[in-house]
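What follows is one structure encoded as structure tokens, with my remarks underneath.
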Amino acid sequence: MSPSLAHLTPSRIAIVKPSALGDILHSLPVLTALRRRFPNAHMTWLVNRSYEVLLQGHPDLDATLPFDRHPYRAGIVAGFRNQSAFRRNLRGANFDLAIDLQGLFRSGLLAWLSGAKTRVGLSSAREGSRMFYTHVIQDGGFEVHAVDRYWKVVEAFGDAPATKSFALPVQPEARRWVEQRLAGLPRPWLAVGAGARWLTKRWPPAHFAELVRRAQGRFGGTALLIGTPDERPLAEDAANLIAGPKQIFAGETNLSQLTALLAVSDVVVANDTGPLHLAVALGRPVVAPYTCTSVRKTGPYGQFHRAIETKVWCQGREVRTCSRLECMAELTP
């Protein structure tokens, strides 16, 4: 514990964690713990605009400060104006504490640009971002689960809670949309995420379909196939092999609607991706096949026993492509 941090009483706090979906979700316990530690502080989250809806209405957050990851796509003039407005808002917020949980050059720079006198980051930070910090917290490196790494910041401020709490708001409009789409579909509702950005994380759609077939044979219910527009073909491949009730949502939900959909699902079966960790943050039970990633490092926090790892020789190597994919055959339904 750093004595200078333990005795700090900030009035305006900036949390810098722009992306990605899973990383933002893994940071949520830090927000709730900081609210308990500094109940009167004004807290703002700096976030990519595409993820802002995830945090809107959070009970422990006062404001979000969104920015565009690629501001110049709309043109040089518009991009320059947007960037200038964001920087004015950043400096005008008068932060006295900035906490960078992203640990990359851009996020470290944002912490510095905030004007906060105290700027905190983790020892695992990369791309030279540590040069922007006034305090570096030892976090154990990337062998430690992300939730536990980020939690080191809470411990540095003292009086850390005994448990890590996840809170995630569900937007009323999205909740109504889901209620309409699920009306009449038999329960239990089994959300299925067959997609993943990495090829090596994609447990085969046929495996998901077989797992659903067995689950529906025992419990009945409806399979809700989720995913991005790019992952819709994978969802369709799985759906074509499911004889029981099913509904394809892949490519049809925005982030707010996906959150609402997972919030009412009875169980979520998905690869090691953002939707899996979104379900965990919502308190839903999950089941997850783990092939090239490690449950110890990126498993569904608090539900590690429901993540099933392959036993092949190269398990957990965290490679994005592979010509062998032995894990996919070894890890069966």
Expressed in Å to one decimal, the Kirkwood Rh of region 26-66 from all distinct alpha-carbon pairs is 10.5
Answer with one residue from 95, 43, 136: the one whose Cα lies farthest towards the positive end of the charge dipole of the chain, charges on Cβ with Lys, Arg +1 and Asp, Glu -1.
95
What Kirkwood radius, in Å to one decimal, follows from the Cα pairs of region 138-235?
17.3
Under a 1.4 Å probe, what is the accessible area of region 236-284 per residue, stated in Å²?
31
Treat region 209-260 as a sphere of radius equal to its Kirkwood radius over Cα pairs and apply Stokes-Einstein at 10 °C in a medium of 1.306 mPa s; give the translational diffusion coefficient in µm²/s, rounded to a whole number.
140
log10 I(q)/I(0), Debye, Cα-only the chain, no solvent, q = 0.08 Å⁻¹?
-0.41
Convex hull projection area averaged over all views, region 151-296, Cα basis, nm²
10.0
Taking amide H positions as placed in the peptide plane 1.01 Å from N, state which residues far from residue 309 in sequence (5 or more) or on other chains have amide H under 5 Å from it.
290
Hydropathy first: keep DSSP H helices in the chain averaging at least -1.0 on Kyte-Doolittle, then drop any whose Cα extent along the axis falls short of 18 Å, and list what survives.
21-37, 76-92, 205-219
If you roll a 1.4 angstrom probe over the protein chains with everything in place, what fraction of the accessible area of region 196-305 belongs to carbon and sulfur, to the nearest %?
54
Using Cα positions and a limit of under 28 Å, work out the lysines in reach of residue 152, with same-chain residues fewer than 8 apart set aside.
17, 117, 164, 297
Cα-based Kirkwood hydrodynamic radius, region 77-216, one decimal, Å
19.5
Residues whose modelled amide H sits under 5 Å from the amide H of residue 65, counting only those 5 or more places away in sequence or on another chain, are 45, 46, 47
May I ask for the distance between the Cα centers of region 145-164 and region 176-196, given as a whole number of Å?
34
HN-Hα couplings for region 115-125 via Karplus (6.51, -1.76, 1.60; θ = phi - 60°), in whole Hz with x for Gly/Pro, come out as x, 5, 5, 10, 10, 10, x, 9, 5, 7, 4
Give me the one-decimal nm value for the distance between modelled label points at residue 180 and residue 240, 7 Å along each residue's Cα-to-Cβ direction.
3.1
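The values are calculated or read from the model by the stated rules, or taken from the named source; none is laboratory data. Computed from a prediction, not measured in an experiment: that's the story for all the values here. Cβ: placed from backbone, ideal geometry, glycine included. Neighbour counts: every protein chain shown. When the accessible area is computed, the model is the full protein with side chains, heavy atoms only, and any ligands, DNA or RNA have been set aside. Shrake-Rupley method; radii C 1.70, N 1.55, O 1.52, S 1.80 Å.
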